[in-house]
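See below for the structure under consideration.
The values are calculated or read from the model by the stated rules, or taken from the named source; none is laboratory data. This is a predicted model, so every value here is computed, not measured. Cβ coordinates were reconstructed from backbone atoms using ideal geometry, including for glycine residues, and neighbour counts include every protein chain displayed. With ligands, DNA and RNA removed, areas are computed over all heavy atoms of the protein, side chains included. Shrake-Rupley method; radii C 1.70, N 1.55, O 1.52, S 1.80 Å.
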Amino acid sequence: MTGGDSTDPDRGSDGSDRDSADPNCDVGSDVAARNERLVDSLLAGEHRALARAITRIENREPGYRDLVSRLYRHAGTATVVGVTGSPGAGKSTLVDKLAAAYRDRGDTVGVIAVDPSSPYSGGAVLGDRIRMGSTVGDMDVFVRSMSTRGQLGGLSTATTDAITALDAFGKDVVVVETVGAGQSEVDVVRTADTVAVLVQPGSGDDVQMLKAGILEIGDVFVVNKADVDGVERTVAELREMIRRREVDGKRTGEKRTTEERTDGEQTGEERTDGKRTGEERTGEKRTDGERTGGGRSTDDGPWQPPIVETVATSGAGLEDLLDALDGHASYLRRTGAGDRKAIDRIAAEIRQLVRSDANELLAAEIDRRGGVEALARRVRDRETDPYTVADEVVDPLRECLASIREGSTDGSSESS
Amino acid sequence: MSADAEQGWRNRPIRCLIAKVGLDGHDRGAHVISRAFRDAGFEVVYSGLHRAPEEVVQAAVQEDVDVLGLSILSGAHNTLVPAVIEGLKSYDAFEDTLIIVGGIIPEEDRERLHEMGVDAVFGPGTPMEETIEFVRENVPRRER
């Protein structure tokens, strides 16, 4: 980057921005105008504009935050489905068939396929498109491949923003597909309203793998390749594991609700804007909940994930899968769980953004003080210690916040 | 993110679509070039075999690639390439996409392909580094 330049190491790139700490204020007017044009074209239904918007988002190009803000106003209606599972479970093939099934119902579909990038070269071969055979030539299925690009935590933000773009474009359903391994990928599917976890039969290890975090996020389990041996056993194992999860869930359930409630209050402001919270959806569609639900949620108790058997290559079981996904969607609407989920998701998003913005500010401050290496040397030479250094870096921020708090007379219920 | 994000945008990976177009089942070359591009740090979307020109266009537009690499060994380049280029133009995606063609292209056809808007033709035996270097140097600067 800017190397030794200490005062403004970030964001100086598009030349026109002021020396401002607020990332939202440094959008030059030309960038804003460009974003406005792009959003106008996107809303007018231009695929090229949608593609370019996602590129800007993915690249974190200067002004992308302004772009996402503009898109956000038009988003909030799409149903987001996450599909995850071990490599080779048949995710891409299933997503392809799922997209075709949604199209048959008249829904427009966006697909985001996330593939890992090489930790060595940073490059990636994104092969999911090979399997997207059922919907080629249909521009109402918009498939976009994304690589993980080695981002830690940033991937879920980029994916969420890409979903916002597809949502604003007017896609009825957005499917996010990713290999369910590792924290960042789990975070990605978590951005979905409904998560389908794919398992292939015949390898007990697969179900074992699910124990490590994937089991908890599955709303619907899909035993794909249900035409090979070992299906019954895999289904039985899954069922057993889901039952155990429910028992565990009951034990920890109470603690979680109180904790989440606090989050909800904090994010109350955002909720009034009705963005992506699913609040409108809760209101208007609550009535149709009764007859759907897939027969899986017992009197609005906790959701019991159904297990669906499919053969993605032939399309068998796809109806059942759609029913299960719809069932979960209507469960979310009926019980308010969808609202809860949306609040949690947005809260996590806000936290992530605040954290990375604060990080950015503090990274600049560290640079101003000669860079982290110089600080480390001072600690090594026993001139100081890491805690004192951290205090010195953060103190200006702390003092600044304190003075603002005093300035605004009564800080209402702000905790210290 | 912060510094990472900033760097990510500066050194963003070059995005490529490697596409097999038409009725030609020889994809070894496409695989090798995909792999080489990946190792060069590019993000490569691979189309799979037997794609129609409109499918290739759809993928190129949706994926918003910087580079479109067409692999053609069937001899049908004189019909397939113009079809793809026309498609790209209809989506306003021709100007800022670098188009390269690989495969068996007779010497006398190359000039025609260039005139249509193909940026480079790489025949059999082209060193991988040459192709990669060409892409690095010629990826269109985007500003819109």
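Pairs to check: A:Lys97/A:Lys225; A:Lys171/A:Lys341; A:Lys171/B:Lys20; A:Lys97/A:Lys171; A:Lys97/B:Lys20; A:Lys171/A:Lys225. Give those whose C-alpha atoms are more than 24 Å from each other in this structure. Long pairs (Cα-Cα over 24 Å): A:Lys171/B:Lys20; A:Lys171/A:Lys225.
Each residue of the stretch A:126-140 was assigned a 3J(HN,Hα) from its phi angle through the Karplus expression (A = 6.51, B = -1.76, C = 1.60, θ = phi - 60°), giving 9, x, 5, 5, 4, 8, 7, x, 6, 10, 5, x, 9, 5, 7 Hz with x at Gly and Pro. With a simple spin-label model that places each label point 7 Å from the Cα along the Cα-to-Cβ direction, the separation between A:Ser118 and A:Met241 comes to 3.2 nm.
For the pair A:Asp138 and A:Ala358, a Förster radius of 51 Å applied to the C-beta separation gives a FRET efficiency near 0.70, rounded to the nearest 0.05.
Buried accessible surface for the B/A pair, both sides summed and rounded to the nearest 100, is 3700 Å² with a 1.4 Å probe. Averaged per residue, chain B has 44 square angstrom of accessible surface, using a 1.4 angstrom probe with ligands and nucleic acids left out.
Take the Cβ atoms of A:Ala316 and A:Ser29, set R0 to 56 Å, and the FRET efficiency comes out at 0.50. Net charge of the neighbourhood of A:Glu399, taken over other residues with C-beta under 15 Å away and scored Lys/Arg +1, Asp/Glu -1, is -3. Distant-in-sequence amide contacts of A:Val80, defined by a placed amide H-H separation under 5 Å and a gap of 5 or more residues or a different chain, comprise A:Val174, A:Asp193, A:Thr194.
Loop-located chymotrypsin sites (Phe, Trp or Tyr not before Pro) in the stretch B:82-144 (DSSP state not H, G, I, E or B) with no more than 15 neighbouring Cβ atoms inside 10 Å do not occur. For A:Met146, the residues whose modelled amide H falls within less than 5 Å of its own, excluding neighbours fewer than 5 places apart on the same chain, are A:Ala113, A:Val114, A:Asp115. Using 0.36 nm per residue and subtracting the Cα-Cα separation, the extra length available between A:Leu401 and A:Arg368 on full extension is 9.9 nm.
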